[in-house]
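A short worksheet on the structure shown next.
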């Protein structure tokens, strides 16, 4: 039976442009060689099984996934495009990231990267608006966009939330955002709250002359989610938020389609990702998640932010590149997006004005900086907190240190006195 698994290894194979390529990190179980483990990965994720078969049509061999490179614990597998149903993300994930993670012959397995061939990639919608579309809506080109989650993330009733949203938007912040677990609780029902917040948004836009957006979390059972998306659109909303991983890949595709029907942008929170991305030996990388999100077509997605959440500097940079570049050389793979629009990277998680310079230095201006506690916890109140964030952004883009800028901006000065440049734990 070892021979059967080894048939899936061809180190002389040259992948075609039609192949889907996966980079795996593999640790074989005790007593299993690296080649045997590699063969099992390719076999189980394509046309193989645990034993030789009595009768096998000759054409099946053309559908075999092939391990074409093994370097240390890393291997690359090429999958013929015929293995995949076009436009069906659940089926694709079930193939390359399905049973393989439960095999006894594998001690640890991590899907590190994936290269999608053009024909398969183009069977998905990609972002409808992306960076350019959202910037056009806000009429903001030269700075990062900004967002704030009213904190605590749960607990406010509808009226309290509306008052906080007003102060956030008045401060100059662009988005007010629901957090991942705020949907439609008894104390803050979805439909009543959305109606009220969108009226507050209109009021602030008239008072300030600036565009604002509300990221209502529509995550729910799929039919209910569709109702919520439609409700937001009918009341003048331009964008909705989904917890893309907890609703599932099929529902994410559905949300993307419905949003296009109603001309809404789609923002993805990545809640749940660390359950399978944080372990560097086993699971699926956030890089793969970001690829799937851009392919499906979210207009913005969280990538970390070097705050309170685990988000290494190099990983954050790679995620940003994956979401915003058309061609990327990575892991000895030539990644191409074939003209797909850019997805806005979102930095979040324990941010405050003192962290902003390092974000912009690393990532540039094409990002959304989402500051929750760093606005809501400002010593002078919410409006001062939002102003301090924008003052920090402005100073950084002008090459002025925060300490120097704080001499002219009292809100920034008080923020630095409270948080300095601390990275929360």
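Every number here is computed from the coordinates shown, using simple stated rules; none is lab data. Predicted model, so just to flag it, every value in this text is computed and none were measured. Every residue, glycine as well, gets a Cβ built from its backbone with ideal geometry; the counts of neighbours run over all protein chains shown.
For the stretch 352-425, taking Cα atoms only, Rg and Dmax work out to 11.0, 30 Å respectively.
How much mean residue ellipticity at 222 nm does the chain get from its helices, if each DSSP H run of length 4 or more adds -39500 (n - 2.57) and you divide by all residues, to the nearest 500 deg cm²/dmol?
Counting only the DSSP helices, I get -11500 deg cm²/dmol.
Taking volume of the Cα convex hull per residue in Å³ as calculated from this structure, the corresponding entry among [x] 141; [y] 248; [z] 149 is [z].
Stretching the chain fully between residue 404 and residue 246 yields a gain of 52.5 nm (0.36 nm per residue, less the alpha carbon separation). A Förster radius of 35 Å combined with the Cβ-Cβ distance from residue 104 to residue 62 puts the calculated FRET efficiency at roughly 0.75. Classify the stretch 205-314 as rounded, prolate or oblate, taking a ≥ b ≥ c as the square roots of the eigenvalues of its Cα gyration tensor: rounded when a/c is under 1.5, otherwise prolate if a/b is larger than b/c and oblate if not. Oblate.
Between 0 and 90 degrees, the angle of helix 158-170 with respect to the longest Cα principal axis of the chain falls at about 80 degrees. If you line up the long axis of helix 382-397 against the longest principal axis of the chain, both from Cα atoms, how many degrees apart are they, to the nearest 10? Between the helix axis and the principal axis of the chain, the angle is about 60 degrees. Picking from 21, 335, 197, which is most flexible by a Gaussian network model of the chain using Cα springs under 10 Å? In the Gaussian network model the winner is 335.
Between residue 423 and residue 331, the simple spin-label model (points 7 angstrom out along Cα→Cβ) gives 2.4 nm.
Working note: Debye formula, equal point scatterers on the alpha-carbon atoms of the stretch 2-121, no solvent; log10 I(q)/I(0) at q = 0.10 Å⁻¹ is -0.27. Taken along the Cα-to-beta-carbon direction at a fixed 7 Å, the label points for residue 317 and residue 163 span 4.6 nm. The GNM of the chain, with springs linking C-alpha atoms under 10 angstrom apart, assigns the highest mean-square fluctuation among 158, 246, 208 to 208. Against the longest alpha carbon principal axis of the chain, how many degrees, from 0 to 90 and to the nearest 10, is the axis of helix 222-234 turned? Value to nearest ten degrees: 40. Dividing the convex hull volume of the alpha carbon atoms of the stretch 253-377 by its residue count gives 126 Å³ per residue. Cut-off 10 angstrom, C-alpha nodes, Gaussian network model of the chain. Which of 394, 332, 366 fluctuates the most? Of 394, 332, 366, the most mobile in the Gaussian network model is 332.
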